[in-house]
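Accompanying notes for the structure given below.
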Amino acid sequence: MAIDKRVASAAEAMEGVRDGATVLVSGFGGAGFANVLIRALREHGPKELTLVVNSATHRLSLTHELIEAGMVRKVIASSARGRADGLSVFETLWRDGKIELECVPQGTMAERIRAGGAGIPAFYSPVGFGTDLAKGKEVRIFGGRECVLETAIVGDLALVRADVADRFGNLVFRYAQANFGPAMATAATLTVAEVRVAQEEPIGHDRIQVSGVYVNRVVAVGS
Amino acid sequence: MAIDKRVASAAEAMEGVRDGATVLVSGFGGAGFANVLIRALREHGPKELTLVVNSATHRLSLTHELIEAGMVRKVIASSARGRADGLSVFETLWRDGKIELECVPQGTMAERIRAGGAGIPAFYSPVGFGTDLAKGKEVRIFGGRECVLETAIVGDLALVRADVADRFGNLVFRYAQANFGPAMATAATLTVAEVRVAQEEPIGHDRIQVSGVYVNRVVAVGS
Amino acid sequence: MAALNRNQMAWRAAQDIVDGSVVNLGIGMPVLAADHLPAGRDVFFQSENGVIGVGPAAAPDKADGDLVDAGSRPITLRPGATVVDSVGSFGMIRGGHIDVTILGAFEVAANGDFANWDSRIPNKGPLVGGAMDLAVGAKAVWVIMEHNTRKGAPRLLERCALPLTAVRCVKRVFTDIAVIDVTPGGFVLRELLAGVAIDEFRARTGAPIAIAADLKALVAPALSDATA
Amino acid sequence: MAALNRNQMAWRAAQDIVDGSVVNLGIGMPVLAADHLPAGRDVFFQSENGVIGVGPAAAPDKADGDLVDAGSRPITLRPGATVVDSVGSFGMIRGGHIDVTILGAFEVAANGDFANWDSRIPNKGPLVGGAMDLAVGAKAVWVIMEHNTRKGAPRLLERCALPLTAVRCVKRVFTDIAVIDVTPGGFVLRELLAGVAIDEFRARTGAPIAIAADLKALVAPALSDATA
C-alpha cells in the first residue's frame, strides 16, 4: 500500500497518546514551536506527562497550557523562568512541589535526545562539571578533563514543527525553525509533525532534513 | 580581511602536515574518496601516520599508495580485506607485524569520529558486545543491555571529498559522496576538502551540508 | 523438490517483509530480496552508506559513481528517498529505526548468536563493515544462508565456532531447505522443503530443533540462480 | 573619564575579536559587540539556536519569525551563513569550534570559575540555556560585566558565591572600569580607566590582582548607552 503519513487533523494525530507519556516538544529562540499539536494534546487530555522542551514556558509556546491544565508531572528543560516579575503557574507549582523540574544545559539536552534516537544509551560530557546541575552525576576524567555521565532521553511522543512535509513524512525546515525538531523526531516512538504544507509529491532528495523513516504522522496547519 | 579558504593546489593544502599525524580519509561504498589529496599527501611524504578510513584498501581509493610508500604506522578501519586471493601489501605488512590494525564496526567508527568533533570524549554503545572487537573494552549495562565504552577519534588532518565548496569553506555533497566526510570535517585540526567546483559566491544557506567553520582549505580538482 | 537456489532463498525471505517497513539488505544474497518483493508492498530499503530508499539498479548508461549502495553498485532512488551521511545512517540503524535487516552468515546459534565475518582465510584482513551495527540495531535480524557448508557440516549450531558478529539477535533463518525461527527456547522449524525427511533435516542441523505444530512446506517459484 | 556604559564595554570587547574568527555572543550586553567590530575584520557570529553567520538585525518590515537568534531577535544572514539544528549547533560549541564566546556574568573567580545564571530570585525558575555549554566548549571565554554590583560589592572574587556556570574557563573580563586577564596565577589588570587609582581599583576588586607591566589606559569612544 502506498505510504501516506498525512492525517486529516491534529486531533487525529494524537490518537493513542496515553497518560504517563514522555512528550518531546520542539521550539527555541522564537521559532519551531509545535503549537497546533500542543493545543491538540491538551484537548486529547492525557495526564502525568513528562515534557522535554527547551524552555518550560517560552512566551511563544503553548506548553504553559499543558502545565496550567494540570497534565504535567515533570519538565526536563534548560530554562524554566517566567517572564513576569511574579511567579508563573509553572513556578508556583514548582515551588509547591507539585511539578518536578530537571534542569539541563541546553547542549546536553540536545545531545541526550540525539543519543536516544541514535541508540547511544549514555555518554560523557565536560559540560556541567562542577556545577549544581551535575550534582549526583558520575564524574570521570578523559584527557585530563573532568566529565559527567549523561544518559539518553527518549520519548513516547514527539511534537515537531516543520515547514514542508511529503506523504512519506520527509521534512524540511525554514531557517532556525529546526532547532530541537530533527533530534526529537528520531527519539520518540510516535513522531508527529505539524507543517505549513503537506504535499503528495516527494520532496527532492537533497532538500530533506529529516527522513520520513522517523516521522509517523503529518498534519498540515498552514502558516 | 575577506575569508577565502581556497588554495591553488593540493600540494599547497598539505602545508604543515607532519610525521606522526592522524589522518581521517573519507570514502565508502564507491563514493567520496579524496584521491587527489591522498596523492598530494603521499608526495608531501610524512611518516608514521595513523590512517582512519572505512576500508584500509578500497579498490577505488588510493590509501594503498600511502601504505605501500611505508608512510603508515596504524590503520583504524572497519574493513582491511584485499580483493585479490593473495595478500595485499597491507595484509603482508599486517601479517609481519609492521603495521597495526584497529578494526572497528563501521557505525561505531562513524560515531567515534562524530564524538571527536562534537566534544564528547566517550560513549557507550551496544554494538560489538560479546565479539572479538570488544575485547578489553569496559562493559556496562544500560536498560538491561550490555554496552561497551567507546572513545572519541580526532585527527590532525581530514581529507574530504565533496562536490561544491565556496570561499568560506562551506561544502555540498552529491548523493552518497558524503558518507564519512561531514563527521571527519568536524574532527580534525586541519580539514582539507577537494571539490569539483570551488566558487567565489556563497552556497545558499539551505544547501550547505558542512559549515565552513569546520573547513580550513579547499582545492578545486574538477570531476 | 530440489534445494532452493540463491534467488529462491532471497525470494522466500522477501515474502516475509511487511508492507510499509524499512529494510536493510546485506551485500550478497540478501540484496537479491529487493527484486522479489510481493506486489503492493511499499518498502524503504536502506543502505548503510546513507541511502534511504534504494531503488532498482541503475541502467549501465545511467550509472552515477556517487549514487551507489554500500556494495558500490550503481543504484537509483525510489520516490521519497534521501541520502544521509554515515553518522546519520548508523544513527538510524543503531537507534532501532530499521524494521528488518537481512544478512548473510556462516553460522547461527540456537541462542541467536551469529557469525558472518569470515576470518578463516589466513592473513587476509578482516571484513567487518556495518554488519555488527545492523545486527545489534535492527528491530529484527534475519539470516539467509545455505543450510550446510560445502563439506556438509551444519551451519545451525548450539554455539558458534567462528568469531561472533553479534550475540542473541537472529530471529529467523532462511536456508536452501528450511525456514527456521530462533526463539527463547531455541530453533523452531517453520517450513521444510518437500522431500527432506525430518530425520535428514535433524541430521543436517547442529542443534536441537523443535518442529512447529503448523509445519509448512517450503515452496518457491522457479527462478534462475543468481551469481550476485 | 566616566565609567564605560554598556555600549562602550561591548565596544572594548569587540576590539579584541581576531579577524577570521568564529564568535558566539551571549544575550544582553555581549550581543552588542557585533555592532562595534573594527572595520576589515571578517567574523562569523554563531548563535546557539543554530545560526552560523548572524548578520545585522532585520529591519522591522523584513523580520521573519523563523530567522531569529537565540534571543528571539529577528536577524539577517551574512554571506556564507547557514543554519543547523540544535545538535549541530552544540556539537560545534562543545567540540571547540567557537574561537571566542563573550558572556555576561554576575561573578568571576580568580581561578576562572564564573556564575551567570541568576538563581537568586526566590522561586523563579532557573535560566540556564546554553551558557554552560558555551563556557566549557569555546576556545576562549570572555566576560562583560559591571565591575561592581549596584550595592558596590565586587564581582571579581577569590571564589564565586553564586551557583557556578562552569569552572576554570574565563580568560578575560571587560568591566566598566578595567580589562582583566584570568591567568594560572590569578587576575592580572591589563587596562584601567583613567581617573581610577590603583588603590581604589583594588578596593573594588574582591581578590588579589597583579598589575601588568605594560598597564594601559582603558579608553573607548563616546557611545550612547544601550538598553539591550
Worksheet item: Of these, A:S125, A:S61, A:S78, A:S55, which one is of a type in the set (S, T, Y), closer than 25 Å to D:S47 by Cβ and in contact with an Asp or Glu (Cβ under 6 Å, 6 or more places away or on another chain)?
Response: A:S125
Worksheet, complete the sentence: Checked against (1) in a loop (DSSP other than H, G, I, E, B); (2) in contact with a Leu (Cβ under 9 Å, 6 or more places away or on another chain), C:G71 satisfies every condition except (2)
Worksheet item: Out of (1) closer than 30 Å to D:P154 by Cβ; (2) more than 8 Å from every other protein chain (Cβ to nearest Cβ), what's the single condition that is false for D:G71?
Response: (2)
Worksheet item: How many residues are over 21 Å from D:I93 (Cβ atoms) and touching a strand residue (DSSP E or B) at 6+ places or on another chain (Cβ under 8 Å) when one looks only at the stretch A:70-87?
Response: 7
Practice prompt. Determine if the stretch C:172-184 includes at least one residue that is within 11 Å of chain B (Cβ to nearest Cβ) and either closer than 30 Å to B:G29 by Cβ or not β-branched (V, I, T) (or both).
Written response: no
Worksheet entry | B:G169, sole failed condition from (1) part of a loop (DSSP other than H, G, I, E, B); (2) more than 21 Å from D:R94 (Cα to Cα); (3) not β-branched (V, I, T) | (2)
Worksheet item: For the stretch A:71-122, how many residues meet the condition of being of a type in the set (G, A, S), over 23 Å from A:K135 (Cα atoms) and facing another protein chain (nearest Cβ under 7 Å)?
Response: 4
Worksheet item: Regarding B:F28, is this residue surrounded by 24 or more Cβ atoms within 10 Å (Cβ to Cβ), within 12 Å of chain C (Cβ to nearest Cβ), farther than 19 Å from B:R114 by Cβ and out of contact with any Cys (no Cβ under 6 Å at 6 or more places or on another chain)?
Response: no
Worksheet item: For the stretch D:74-106, how many residues meet the condition of being more than 12 Å from chain A (Cβ to nearest Cβ) and free of Cβ contacts under 8 Å to residues at least 60 places away in the same chain?
Response: 4
Discussion item. As an exercise: evaluate B:A162 against (1) assigned to a strand (DSSP E or B); (2) farther than 28 Å from B:L41 by Cα and give the number of the one condition it does not meet.
Written reply: (2)
Worksheet entry | Search result, residues across the stretch D:1-26 that are within 17 Å of D:V179 (Cβ to Cβ), of a type in the set (G, A, S) and assigned to a loop (DSSP other than H, G, I, E, B) | D:A2, D:A3
Discussion item. I'm checking my understanding of the structure. Among residues of the stretch D:122-176 that are over 13 Å from the mean Cα position of the chain (by Cα) and of a type in the set (D, E), which one is surrounded by the fewest Cβ atoms within 10 Å (Cβ to Cβ)?
Written reply: D:E158
Item to complete: Go through the stretch B:88-107 and give me each residue that's under 20 Å from C:G71 (Cβ atoms), in contact with a strand residue (DSSP E or B) (Cβ under 7 Å, 6 or more places away or on another chain) and surrounded by 22 or more Cβ atoms within 10 Å (Cβ to Cβ).
Response: B:V104
Item to complete: Kindly indicate which of C:G40, C:G80, C:G91, C:G71 is touching a helix residue (DSSP H, G or I) at 6+ places or on another chain (Cβ under 9 Å) and either more than 29 Å from A:R114 (Cα to Cα) or at pLDDT below 95 (or both).
Response: C:G71
Item to complete: Pull up the stretch C:55-71, narrow it to residues that are without any contact (Cβ under 8 Å) to a residue 40 or more places away in the chain and under 21 Å from B:V172 (Cα atoms), then point me to the one that is surrounded by the most Cβ atoms within 10 Å (Cβ to Cβ).
Response: C:V68
Worksheet item: Just wondering, is there one or more residues in the stretch D:114-137 that are closer than 16 Å to D:M9 by Cα and part of a loop (DSSP other than H, G, I, E, B)?
Response: no
Discussion item. With the structure loaded, tell me whether B:M14 is of a type in the set (A, V, I, L, M) and surrounded by fewer than 19 Cβ atoms within 10 Å (Cβ to Cβ) or whether it fails that test.
Written reply: no
Discussion item. Please pick out the residue among B:L149, B:L157 that is within 23 Å of C:L134 (Cβ to Cβ), touching a strand residue (DSSP E or B) at 6+ places or on another chain (Cβ under 9 Å) and among the hydrophobic types (A, V, I, L, M, F, W, C).
Written reply: B:L149
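May I ask you to say which residue of A:E138, A:E146 is more than 10 Å from every other protein chain (Cβ to nearest Cβ) and over 24 Å from D:S47 (Cβ atoms)? Explain how you work it out, then say what you get.
Values: A:E146 fails: more than 10 Å from every other protein chain (Cβ to nearest Cβ).
Matching residue, one of A:E138, A:E146: A:E138.
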Worksheet, complete the sentence: The condition of being more than 14 Å from chain B (Cβ to nearest Cβ) and within 14 Å of the chain's Cα centre (by Cα) holds, among C:I17, C:I27, only for C:I17
Item to complete: Give the residue that is farthest from A:Q177 (Cα to Cα), with candidates limited to residues of the stretch A:134-165 that are free of Cβ contacts under 8 Å to residues at least 40 places away in the same chain and aliphatic (A, V, I, L, M).
Response: A:I141
Discussion item. Looking at the stretch B:90-109, can you tell me whether even one residue there is acidic (D, E) and under 30 Å from C:V84 (Cβ atoms)?
Written reply: yes
Worksheet item: Any residue in the stretch D:110-127 that is of a type in the set (K, R), closer than 24 Å to A:I76 by Cα and within 9 Å of chain A (Cβ to nearest Cβ)?
Response: yes
Response to the item:
If we keep only residues of the stretch D:37-55 that are among the aliphatic types (A, V, I, L, M) and assigned to a loop (DSSP other than H, G, I, E, B), then the residue farthest from the other protein chains (Cβ to nearest Cβ) is D:L37
Worksheet, complete the sentence: Here, strands (runs of 3 or more DSSP E) confined to the stretch D:139-228 with at least 3 residues that are farther than 23 Å from D:S119 by Cβ and at pLDDT 95 or above are D:170-174, D:178-183, D:186-193, D:209-218
Item to complete: Find the helices (runs of 4 or more DSSP H) located wholly in the stretch B:1-106 whose residues include 1 or more that are under 30 Å from D:I17 (Cβ atoms), and list them.
Response: B:10-13
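Given the residues B:G97, B:G128, which is the only one that is in contact with a Pro (Cβ under 7 Å, 6 or more places away or on another chain) and more than 29 Å from B:V213 (Cα to Cα)? Spell out how you get there, then give the answer.
On the way: B:G97 fails: in contact with a Pro (Cβ under 7 Å, 6 or more places away or on another chain).
Being in contact with a Pro (Cβ under 7 Å, 6 or more places away or on another chain) and more than 29 Å from B:V213 (Cα to Cα) holds for just one of B:G97, B:G128, which is B:G128.
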Discussion item. Pull out all pairs, ordered by first then second residue, where Cβ-Cβ is under 6 Å, the residues are six or more apart or on different chains, the first lies in the stretch C:150-169 and is under 23 Å from C:A3 (Cβ atoms) and more than 13 Å from chain B (Cβ to nearest Cβ), and the second is of a type in the set (S, T, Y) and crowded, with 21+ Cβ neighbours inside 10 Å.
Written reply: C:P154/C:T205; C:L156/C:T205
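The values are calculated or read from the model by the stated rules, or taken from the named source; none is laboratory data. Small disclaimer: the values here were computed from a predicted structure and weren't measured. Don't worry about glycine lacking a Cβ; one is built from the backbone with ideal geometry, like all the others, and counts go over all protein chains shown.
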